[in-house]
Amino acid sequence: MNWQKLSVAMTLVVAALALSGIAQAADDTKETYAAFAVNMGGTLQGTSGTFQITITRWSTNEERSMLLNTLKEKGHDEFMKALRKQKETGFVQGQGRLARANPMPSTRLHGAWQYDNDGKRQVVLVTDRPIGMREAASGSRSLDYDTSVITMEFPADDKDADGTGLLHMALKIQYNDEEGKLEVEEMGQQATRLTKITRRK
């Protein structure tokens, strides 16, 4: 597990879910990005490809609060059920060999948040991980890690500037009652690095 990269995802996901007063744009939007991706681990290590990321709306603060409360009160499984019921916030399409890490022709996004932090515009996109029939039938522990997260970072003062990011394919998000905080675990694989994210006009 790559704790440095995971700490980035944990910080951004926790902030997106837990921070109050997130600087949120209007509900409906249309933003499309091309992201050059390099796989940093697993059987596809060193391979590259392109993802097209389209955001069609931002999640509302009410949706964020509902998801956070569901996670605290009912746990990860119910959190994911609630996330899947959210109105679609966009989609991701993979091209090249890296599309094998995103086996559906178009993976729908169910959560989309943005906020400013220390001069950077942070974007967090959340969805359920595509799970094949064989894995679903196996009853494997991997089924617990069914959350996929894309984090993107751009200069806050230039909406057209290129950004960087990470794609975490298999996360589990939990609430630690004893410590009173959110925790993020990753199934033992390194994140896919998004080395250049370009906004399409």
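Restricting to segment 147-168, give me the number of residues that are at pLDDT 90 or above and farther than 30 Å from Asn69 by Cβ.
Of the residues in segment 147-168, 4 are at pLDDT 90 or above and farther than 30 Å from Asn69 by Cβ.
Kindly indicate whether any position in segment 120-133 is in contact (Cβ under 8 Å) with a residue 60 or more places away in the chain, more than 24 Å from Ser48 (Cβ to Cβ) and surrounded by fewer than 16 Cβ atoms within 10 Å (Cβ to Cβ).
No: segment 120-133 contains no residue that is in contact (Cβ under 8 Å) with a residue 60 or more places away in the chain, more than 24 Å from Ser48 (Cβ to Cβ) and surrounded by fewer than 16 Cβ atoms within 10 Å (Cβ to Cβ).
Out of all the residues in segment 169-201, which are at pLDDT 85 or above and within 26 Å of Thr50 (Cβ to Cβ)?
Leu171, Arg193, Leu194, Thr195, Lys196, Ile197, Thr198, Arg199, Arg200
Inspect all residues belonging to segment 165-179 and state whether any of them is among the charged types (D, E, K, R) and touching a Ser or Thr at 6+ places or on another chain (Cβ under 9 Å).
In the first step, residues of segment 165-179 are kept if they are among the charged types (D, E, K, R); the result is 172, 177-179.
Adding the requirement that they be touching a Ser or Thr at 6+ places or on another chain (Cβ under 9 Å) leaves 172.
So far as segment 165-179 goes, yes, one or more of its residues are among the charged types (D, E, K, R) and touching a Ser or Thr at 6+ places or on another chain (Cβ under 9 Å).
Within 22 Å of Ala82 (Cα to Cα), of a type in the set (Lys, Arg) and in a strand (DSSP E or B) - does that describe any residue in segment 140-147? Spell out the reasoning first.
If we filter segment 140-147 for residues that are within 22 Å of Ala82 (Cα to Cα), which is where we start, we get 141-147.
Subsequent filtering for residues that are of a type in the set (Lys, Arg) retains 141.
If we keep only those that are in a strand (DSSP E or B) too, we end up with none.
For segment 140-147, residues within 22 Å of Ala82 (Cα to Cα), of a type in the set (Lys, Arg) and in a strand (DSSP E or B): absent.
Condition check ((1) assigned to a loop (DSSP other than H, G, I, E, B); (2) modelled with pLDDT under 90; (3) more than 21 Å from Gln122 (Cβ to Cβ); (4) touching a Ser or Thr at 6+ places or on another chain (Cβ under 8 Å)) across all residues:
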site: Phe51; (1), (2), (3), (4): no, yes, no, no
site: Lys72; (1), (2), (3), (4): no, yes, yes, no
site: Val92; (1), (2), (3), (4): no, no, no, yes
site: Arg100; (1), (2), (3), (4): no, yes, yes, no
site: Pro103; (1), (2), (3), (4): yes, yes, yes, no
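For segment 139-159: of the residues being of a type outside the set (S, T, N, Q) and touching a Ser or Thr at 6+ places or on another chain (Cβ under 9 Å), which is nearest to Ala170 (Cα to Cα)? First the steps, then the outcome.
If we filter segment 139-159 for residues that are of a type outside the set (S, T, N, Q), which is where we start, we get 139, 141, 143-146, 149-150, 152-159.
In the following step, the residues that additionally are touching a Ser or Thr at 6+ places or on another chain (Cβ under 9 Å) were identified as 149-150, 152-154.
On the way: Val149: 8, Ile150: 11, Met152: 17, Glu153: 20, Phe154: 24 Å.
Checked segment 139-159; the qualifying residue nearest to Ala170 (Cα to Cα) is Val149.
Hey, among Ser148, Ser106, which residue is among the hydroxyl-bearing types (Ser, Thr, Tyr), touching a Lys or Arg at 6+ places or on another chain (Cβ under 6 Å) and closer than 19 Å to Ala34 by Cβ? Steps first, please.
On the way: Ser106 fails: touching a Lys or Arg at 6+ places or on another chain (Cβ under 6 Å).
The match here is Ser148.
So which of Asp158, Asp162, Asp177 ends up being surrounded by fewer than 18 Cβ atoms within 10 Å (Cβ to Cβ) and farther than 24 Å from Gln114 by Cβ?
Numbers: Asp158 fails: farther than 24 Å from Gln114 by Cβ; Asp162 fails: farther than 24 Å from Gln114 by Cβ.
Result of the check over Asp158, Asp162, Asp177: Asp177.
List, please: which pairs have Cβ atoms under 8 Å, are six or more places apart or on different chains, and start with a residue in segment 166-177 that is part of a strand (DSSP E or B) and end with one that is aromatic (Phe, Trp, Tyr)?
Every condition considered, the pairs that remain are Leu167/Phe51; Ala170/Tyr145; Leu171/Tyr145; Lys172/Tyr145; Ile173/Phe79.
Among Leu194, Leu171, Leu182, Leu167, which is the only one that is surrounded by 17 or more Cβ atoms within 10 Å (Cβ to Cβ) and over 15 Å from the mean Cα position of the chain (by Cα)? Reasoning before the result, please.
On the way: Leu194 fails: over 15 Å from the mean Cα position of the chain (by Cα); Leu171 fails: over 15 Å from the mean Cα position of the chain (by Cα); Leu167 fails: over 15 Å from the mean Cα position of the chain (by Cα).
Checking each option against the conditions leaves just Leu182.
The values are calculated or read from the model by the stated rules, or taken from the named source; none is laboratory data. Every value quoted in this text rests on a predicted model; they were computed, and no experiment measured them. Every residue, glycine among them, receives a Cβ derived from its backbone with ideal geometry; neighbour counts consider all protein chains shown.
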